[in-house]
């Protein structure tokens, strides 16, 4: 994995309209976030474990409501 996409800081756990929760991390590359799906979380996004999948996403590509749910970091 490119070291610029390595995790720097935990930002939030979000639960979009789908039933899946994601942990969101800032990365070493400005403007990029790392999304990690959470399996086994309850309907509120509590509990569960990271699946091992890591998805780098550019903040500018996020839908407005998702971007607002994630603090700057």
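For the reader, a short list of remarks on this structure follows.
- Among the residues of segment 40-67, the ones that are surrounded by 10 or more Cβ atoms within 10 Å (Cβ to Cβ), touching a residue at least 24 places away in the same chain (Cβ under 8 Å) and not in a loop (DSSP other than H, G, I, E, B) come to 6 in all.
- The lone criterion from (1) in contact with a helix residue (DSSP H, G or I) (Cβ under 8 Å, 6 or more places away or on another chain); (2) assigned to a strand (DSSP E or B) left unmet by residue 25 is number (1).
- Identity of the residue in segment 1-22, touching a helix residue (DSSP H, G or I) at 6+ places or on another chain (Cβ under 8 Å) and at pLDDT below 90, that ends up surrounded by the most Cβ atoms within 10 Å (Cβ to Cβ): 14
- Failed item, numbered, when residue 32 is tested on (1) modelled with pLDDT of 80 or more; (2) surrounded by fewer than 16 Cβ atoms within 10 Å (Cβ to Cβ): (2)
- Some residue of segment 49-65 being touching a helix residue (DSSP H, G or I) at 6+ places or on another chain (Cβ under 6 Å) and under 11 Å from residue 7 (Cβ atoms): yes
The values are calculated or read from the model by the stated rules, or taken from the named source; none is laboratory data. These numbers come from a predicted model, not from an experiment. Backbone-built Cβ (ideal geometry, glycine too); neighbour counts: all protein chains shown.
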